[in-house]
1. Considering only GLN534, TRP597, CYS191, whose Cα is most displaced toward the positive end of the charge dipole of the chain, charges sitting on Cβ of Lys, Arg (+1) and Asp, Glu (-1)?
2. With every protein chain left in place, what is the accessible area of TYR161 in Å² (1.4 Å probe, nearest 10)?
3. Working from the pairwise distances between different alpha carbons, so that the mean of 1/r is found and then inverted, what is region 448-498's Kirkwood radius in Å?
4. If each of GLU255 and ASP210 carries a label point 7 Å out from its Cα toward its Cβ, how far apart are those two points in nm?
5. Along the principal axes of its C-alpha atoms, what lengths does region 390-475 span, in descending order and rounded to whole Å?
6. Would you mind putting 62-72, 608-618 in packing order, based on average other-beta-carbon counts within 10 Å, highest first?
7. Ignoring ligands, DNA and RNA, please state the percent of accessible area on region 424-471 from carbon and sulfur, probe 1.4 Å.
8. Taking all pairs of distinct Cα atoms, average 1/r, flip it, and tell me the Kirkwood hydrodynamic radius of region 151-198 in Å to one decimal place.
Amino acid sequence: MNTPLRVLIIEDSEDDALLVARALRAGGYDPVLHRIENAPCMEEALQHPWDLIISDYTMPSFSTPQALRLLQRKQIDIPFIMVSGTVGEDRAVQVMKAGAHDYIMKGHLSRLVPAVRRELREAELRRERLRAQDQLQKLSRAIEQTAECVFITSSDGIIEYVNPAFEHLTGFPSEEAIRHSPRILRSGQHCASFYRDMWRTLKDGGVFRDMVINRRKNGTLFYEDKVITPIKDGNGVITHFVSTGQDISDRMKAETTRKRLTATLEATTDFVAIADLQGHLLYANAARRSVLGLGPEDQAEIRTLSDGHTEWASAKLMSKAIPVAMQEGTWSGELAMIDQDGLEIPVSEVIIAHRGPEGEVEFLSAIARDISERKRLEEELAYQANHDALTGIPNRMLLLDRMQQAIAYSRRHKHRVGVLFVDLDRFKRINDTLGHHVGDAILCTVAERICRCLRRSDTVGRHGGDEFVVIAAEVLDNNDLTAIVSKIRKVVSEPIEVKNRQIVLTCSIGIALYPFDGEDSDMLLKNADTAMYQAKGNGRNNFQYYTNEMNAQSHEMLNLEEDLRRAVKANEFVLHYQPQVDLQTGAFARLEALIRWQHPERGILAPEIFIPVLEETGLIEPVGEWVLREAVKQCAAWKEMGLPLVTVAVNLSVRQFANPDIAETIRLMVTEAGIPPACLELEITESVLMADAFDGTDALRTLSQRGLRVAVDDFGTGYCALHYLRRLPVNTLKVDHSFVSGLAGDPTTASIVSAIITLGHDLGCEVVAEGVETVAQRNHLRQLGCDLVQGYLYYHPRPPEEIESLLRDGEHGHQRSY
């Protein structure tokens, strides 16, 4: 079967054209001829594809040179063979130079077919070369213009080519990269085995693919998705390597950020979830999965945002939280989740609606934080704000709130409310002597006991210090209050064991009743407090209902306190002295200094009127020091007058004696006054000796060693153990007047006084009985062996000038009969 051949023949002789066609058919072609003989026809014919052009050299209106110039102008490459019978050798050469591929004489058409075959092959080769060149140009442009980093190395790994993307990414211009090894890019982030494995793959003809961390010229790192391909020649020998790399630094940073974020979300104890607009979970972190009971491999998509919440929290989430977030962007509030054990977890949760570029909500996120500890702290702070830190019972703030509630309830139901102000008698002495740690323990015990004896509707709170307030709600009559008061007094008076010692307390209670004694909590508290002070004023260990007359007494106490503060500054105090008499001889033996207040309006006031106020206000310290100095000064004055020396007893308050500098202070007073130390006797009450860590022991010993005398006042009224007396340098025991007054008609009291006197003598102490007012008391004491007595039977307290007269008259040391 002949090969089709499209032939454009430029010939003015149709016979010659037929001869050419016959020769081509004879050579195995099936030619399709189109004959033309001028330039316009050729212009038109060239709009169609042709396999071959055969042209006569010259024609009346056209010629081969003209045809060749037309092809060159149109840049058409078609095999061109000139067939002519008249062309000479020179012209033939010119035609070949002008672009013809061959020429054949018409008389030798046998050469036509071989020439056609040859030129068709040459034309195909030329077209292939053009296509290859075109592809090479395209490939070159692609490499030059690609965003990927490309470099080509020799088989030994020496860079021979880099594209602009390489220069831009690495910072190395081509002249600095070419003829160097790719080692100039190494970052130090890969170990040697990484590069050995790379070269092993490449040398074996394989393609290397991996992520490579390289370093720019400026030292910064970048990440490449690297592919290195070996190039082989026709014999399969590797001649070059082509490295292409895509800069994935941003992607790696984003991936690193994503991994860190995911790791953070997985590690956080917050409950994090992402959900679609229907609330179905797209993601849940480990904490949220734990609450949902999901394992690491379980699909979160089967759960919703509301899962894992309590019923009320789930309803709030769906009905309020998510709709608000969809509308406003976020919602935050407190909800509750349930852990795997079914326990409720209070959480602070935030719902966020995330919008896309078009402003439409694309997904939801939820972050819930366990606020159990915060809630616990809030409850603890609320408890601390409303409860006494020591006893755990309501404090003043909560008391007032409970009182207001009780008043409101009683107002609606026509009931009464009792407010009981309870104060522990002489509790300050316990604190000052036994220490605050013991006092605190006692307060806790008292608070617990009062709580136990109250009704469920009642409240007890600590008002401050040793004061408690009881709110008796729903009081129908005074019998209710009387029963409560009786229970309180009973439990308070029960002995309290403290460090192998029994402490017995009493209390004073003031009672105010709503609505009669006040219609608000402040007034009721104030009036109950006033009634309590009235109970104390009546001798303590009792209770008093508030009366209107107490207000005047309360104002009087306030005025008294103001007057006392003024008296301290104005030096309105004076000392009187009461002699102590030797019971066997009747001689005036010693003196006790007793303070009096020379009030500018009320005259001389006895100490029982103002001493309690001094103790409560703390003024007892400066006033006590003044008494001490004044007594020492008076002794010195009598000495200068040449009067007989006499021992003066001075009472020291607990606060004075707790002063660590008391010994040095007294020593300086005595030394500066120039009197013998034995002229001063320091009286301390028995309660001072109760302290386990009695700070004054060393001071007493020091003063005793210097010659000062020590007396224990009010002996028998406190809780003193004998070993306290044994370790102290006591010279005198003073029997309290309460025992002396009961001698005549109470055998038990007489036995106690006898025991005290015997004990004192056994300890080497003198015994002084206070408050002797009758001859019968004197005689009884004399029979019991008491050494000294003090009381109105012998002398009333007298001002210094009267004592001076006694000393001048020789009363001191001389026998006196009574």
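The values are calculated or read from the model by the stated rules, or taken from the named source; none is laboratory data. Computed from a predicted structure; not experimentally measured. All Cβ positions, glycine included, derive from the backbone under ideal geometry; neighbour counts span all protein chains shown. Accessible surface is based on the protein model in full, side chains and every heavy atom, while ligands, DNA and RNA are left aside. Shrake-Rupley method; radii C 1.70, N 1.55, O 1.52, S 1.80 Å.
1. The one lying farthest along the dipole's positive direction is CYS191.
2. Ignoring ligands and nucleic acids, TYR161 comes out at about 60 Å².
3. Result for region 448-498 stands at 11.8 Å.
4. Result for the modelled spin labels: 1.4 nm.
5. The Cα atoms of region 390-475 stretch 49, 21, 21 Å along their principal axes.
6. By packing density, highest mean first, the sequence is 62-72, 608-618.
7. After summing per-atom areas, the C and S share lands at 47 percent.
8. 11.5 Å
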